[in-house]
Every structure is written in C-alpha cells, then in structure tokens.
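Have a look at the structure below, then the notes.
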Amino acid sequence: MLETLKPQAEDKIIRLMAQFREDPRDGKIDLGVGVYKDATGLTPVMRAVRAAGAELQASETTKTYTALAGDSQFHAVMRDLILGDAVPASRVAAAATPGGTGALRIACDLIRKARPGARVLMSDPTWPNHPAIAQDLGLVPATYRYFDEASGTVDFAGMKADLSAISADDIVLLHGCCHNPTGANLTPAEWDELVALLKAKGATVLVDIAYQGFGDGLEEDAYGVRALAKALPELLIAASCSKNFGVYRERVGILLALVPEGTETALVQANLAALNRLNYSFPPDHGARLVQTILTSETLTADWKAELEEVRLSMLGLREQLASELRRLTNSDHFDFVARHRGMFSRLGLSPEQVERLRVEFGVYMVGDSRINIAGLNTESVPKLAAAIAAVL
Ligand code: LMR
C-alpha cells in the first residue's frame, strides 16, 4: 500500500531551515522562517511566559483532559485580546487548536462541512500553507491582487477590483496584520473601505492573525479584525500565540467563530468541538494555560506587553537601519518600503537568481520569493545584508 503514496512537495520555508542548519560557514545570516530572534540570535522564552510556567508548575494539580474545545477561560482571554469589546462574547464560539495552523485547518474543515468545495480567495502572494491546507480539504484556492512588487506597497485598487467580482458563496482569507510574506498592510481607512465592500458582497471572511503586537501595537494590529467583527454577521478568525507569546513549540492557537446577532453559538460550538475530536481529540493545553495565566494576571500581562513592545520596537529599528543602509549603498530610495512595512517580514522584490546568489555567495538565507525575516538581523548584520543585496542588484 505505502508504495502507492505520491511524493510530497517540500515546504520551501521548512526546507530553508534545514539548508541553513547544514551550512558550515561562519557569519551566515538566517532570514528564513518566521521566528523572532534577539540581537544574539536567540529566540528567548519571554519573561512572563517563564513566570507563568513556574506558577503553573507549583499550582497545577492535574494533567487530566480539558474540554474538547479547550478551556473556556482561554477562549475568554483570547477573545478579549483579539476582539476587545467589538462584539458581545455571546456571539463568539471558540476552540483551542494546536497553533495558528491548527486553527486554519479547523476553519477550513468547518467551511468544508458548511460549503464543500467552496472557493477560498487569498492574497497574491500569501503564506504557502494557506492554499495547501484549503486544497487538502477539497476547497478551491483562488487569488486576489494584493502586492505591487515595484513599489513594495499594497495594490489596494487591484484588491478591491478583484474582491468586487466575488459572490456570496466565496470565502475570503485576509491577513489580520503584518502580512506574510510581503510586510505591506492596509491602513485603517483602507480596512474600512474593504469591510464595506465585503459586507456588500456577503461573502464569508476568514482572518488569519498570527502576529498581533508585532506591527503597530496590540490594539492597532487588531483594527481590521475588529472592524470586520463589528460589521459582518459572521466571521472566522484563526489566531496564533506562537509569535506574540514566543511559545512556538507549545502549539497555541484558537479559532473564533462569530455567529449572527440573535442566534445561538451552540450549533457552531458543537461543530468546533466535533472537529477537534475528529482531528486530535483534545487540543494541547500547556501553552494555552501559560497564555491564560499571563492574561488573567495584571502583573504578568503588563510585563508581557512591555517585552512584546521591546520586540516590536527592535524590529522597527532594524527596518529603519536596513532601509537607510540600502539608500546609501544603492543611491536610491527604492528600498524605503522596508521601513514602512510592518511585522516580521518584508518582500524585497529580488529575482530567484538574486536570492540564490545571496545564499551561495554571501550565506544569506531568505525565502525564494525574497521574503526576509527582519528579526533574523541585528545591528551588525544589517550592513552585511545591505552590502550583499547591493552586490547582486
Ligand atoms: C513563517 O511563515 O515562516 C512562519 O509562519 C512559520 C511557518 O510555519 O511557516
């Protein structure tokens, strides 16, 4: 039987991680996978996470199963973090999931149950796992214009034109903030326009929010998802705690499903629990409980927010430094978009050949579409990267 299996295409981000590890050169620079690293190259355990871990260790009395959809207090703190007071809690069904990927998988599974074979429109470009998951569940991935490669900005006119042509049967996948892979994001005014357009179209929206707090701030980064929640009758939100709590390997995520005003969440809640059961029974709990412990403690929340802000500002500083080095070395303001982008990533607009030269000749690892992870840099490696880019232009 096993010989009938088809070879699987390797995920390009995961392949790059292995390639980087195998490169023996000193001074190699890893700008691949979306993991935050401090100036020493370490992905630290955040202070509040460490404190919550110690607290949990001392107070936890059991490791018995939680509920199929996870702990309701975890749902509550995540709902508040993401949605604030945009909608009443009574309209939100929720399920804890293994990371943001788990949430996307359950979201697509739920869509499949409600609307098998639905078309899911995604930004061009998007995170490669988006179309892969949708396709695996029999949904039909399609794209809308999003990025203007020449200017490094959002092609908002193109995006609106493409989304004007959708039908109420379509699903639209949006990045809540810190667009992956481009780093180019909508302004609040553009979000407002987009929300009005999607409301008029009546399509179902799925938001992937994996970097809340990495862009303009925790509240600012939730502007789009909250505007959607206020305006639309239904909304699916797949959220990750991997990055903003730095709990990558713990696998902490949540799927929120907003039901129309005046209806019960019970039906959707039961479906979410059933999907968790079918896929992995109970979602992992340890990481979710760390997040819950932080967000239910004023002191830990304050410390977490302070550290998250340090992380955000350090990435912004690196963006400014890289943009200014590139301006100096290329004698042009072409790469100024790097400073305007937000989140972990920027897509530089280099050709695959240039990306390959950067890897082979300079030991600089970025995804083949020229996406860089800003957090892979430090103040010493920025000039090296800028010089390498200038050399391959
Ligand atoms: C990324 O885009 O690099 C991250 O979301 C990590 C991953 O799993 O791909």
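Things to note:
- Hits in the range 12-36 (condition: of a type outside the set (A, V, I, L, M, F, W, C) and crowded, with 17+ Cβ neighbours inside 10 Å): 30, 32, 34, 36
- Considering the range 77-92, and only residues there that are small (Gly, Ala, Ser) and part of a helix (DSSP H, G or I), the residue that is farthest from the ligand (Cβ to nearest atom) turns out to be 90.
- No other residue among 262, 224, 253, 246 is free of Cβ contacts under 8 Å to residues at least 24 places away in the same chain and either in the same structural domain as residue 169 (by TED's automatic domain parsing) or surrounded by fewer than 24 Cβ atoms within 10 Å (Cβ to Cβ) (or both) apart from 262.
- Comparison of 274, 257, 266, 339 shows that the only residue that is away from the ligand (no atom under 16 Å from the Cβ), within 25 Å of residue 39 (Cα to Cα) and over 17 Å from the mean Cα position of the chain (by Cα) is 339.
Here is a yes/no grid of residues against (1) more than 30 Å from residue 259 (Cβ to Cβ); (2) of a type in the set (A, V, I, L, M, F, W, C):
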{"residue": "4", "(1), (2)": "yes, no"}
{"residue": "8", "(1), (2)": "yes, no"}
{"residue": "13", "(1), (2)": "yes, yes"}
{"residue": "39", "(1), (2)": "yes, yes"}
{"residue": "63", "(1), (2)": "yes, no"}
{"residue": "72", "(1), (2)": "no, no"}
{"residue": "81", "(1), (2)": "no, yes"}
{"residue": "88", "(1), (2)": "no, no"}
{"residue": "96", "(1), (2)": "no, yes"}
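- Selection from the range 84-118 of residues that are in contact with a Lys or Arg (Cβ under 6 Å, 6 or more places away or on another chain) and surrounded by 21 or more Cβ atoms within 10 Å (Cβ to Cβ): 92, 99
- Being touching a helix residue (DSSP H, G or I) at 6+ places or on another chain (Cβ under 9 Å) and away from the ligand (no atom under 16 Å from the Cβ) is a property that does not hold for residue 370.
- Comparison of 170, 208 shows that the only residue that is in contact (Cβ under 8 Å) with a residue 40 or more places away in the chain, within 16 Å of the ligand (Cβ to nearest atom) and of a type in the set (Asp, Glu) is 208.
- Just one of (1) closer than 27 Å to residue 196 by Cα; (2) within 16 Å of the ligand (Cβ to nearest atom) fails for residue 233. It is (2).
- Residue pairs whose Cβ atoms lie under 6 Å apart, sitting 6 or more positions apart in sequence or on different chains, and linking a residue in the range 317-336 that is under 14 Å from residue 348 (Cα atoms) to a partner that is at pLDDT below 95 and in a helix (DSSP H, G or I), do not occur here.
- Number of the condition not met by residue 201 [criteria: (1) without any contact (Cβ under 8 Å) to a residue 60 or more places away in the chain; (2) within 14 Å of residue 46 (Cα to Cα)]: (2)
- Some residue of the range 297-308 being surrounded by 21 or more Cβ atoms within 10 Å (Cβ to Cβ), charged (D, E, K, R) and not assigned by TED's automatic domain parsing to the domain that holds residue 74: no
Condition check ((1) away from the ligand (no atom under 16 Å from the Cβ); (2) surrounded by 14 or more Cβ atoms within 10 Å (Cβ to Cβ); (3) assigned by TED's automatic domain parsing to the domain that holds residue 345) across all residues:
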residue	(1), (2), (3)
120	yes, yes, no
129	no, yes, no
135	yes, no, no
142	yes, yes, no
147	no, yes, no
152	yes, yes, no
156	yes, yes, no
159	yes, yes, no
166	yes, yes, no
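- Residues of the range 49-81 that turn out to be over 20 Å from residue 268 (Cα atoms), hydrophobic (A, V, I, L, M, F, W, C) and in contact (Cβ under 8 Å) with a residue 24 or more places away in the chain, as a count: 5
- If the condition is being of a type in the set (D, E, K, R), within 16 Å of residue 369 (Cα to Cα), part of a loop (DSSP other than H, G, I, E, B) and in contact with a helix residue (DSSP H, G or I) (Cβ under 8 Å, 6 or more places away or on another chain), then the range 8-46 contributes only 11.
- One residue from 382, 360 being crowded, with 21+ Cβ neighbours inside 10 Å and part of a helix (DSSP H, G or I): 382
- Filter pass, residue 312 being basic (Lys, Arg), away from the ligand (no atom under 16 Å from the Cβ) and either free of Cβ contacts under 8 Å to residues at least 24 places away in the same chain or not in a helix (DSSP H, G or I) (or both): no
- For the range 277-309, a residue qualifies if it is under 21 Å from the mean Cα position of the chain (by Cα) and outside any helix (DSSP H, G or I), and the qualifying residues are 283, 284, 285.
- Flag if residue 84 is more than 25 Å from residue 139 (Cβ to Cβ) and touching a residue at least 24 places away in the same chain (Cβ under 8 Å): yes
The values are calculated or read from the model by the stated rules, or taken from the named source; none is laboratory data. These numbers were taken from a predicted model, which means no experiment stands behind them. A quick note on method: Cβ atoms are made from the backbone with ideal geometry, for glycine too, and the neighbour counts reach across all protein chains shown.
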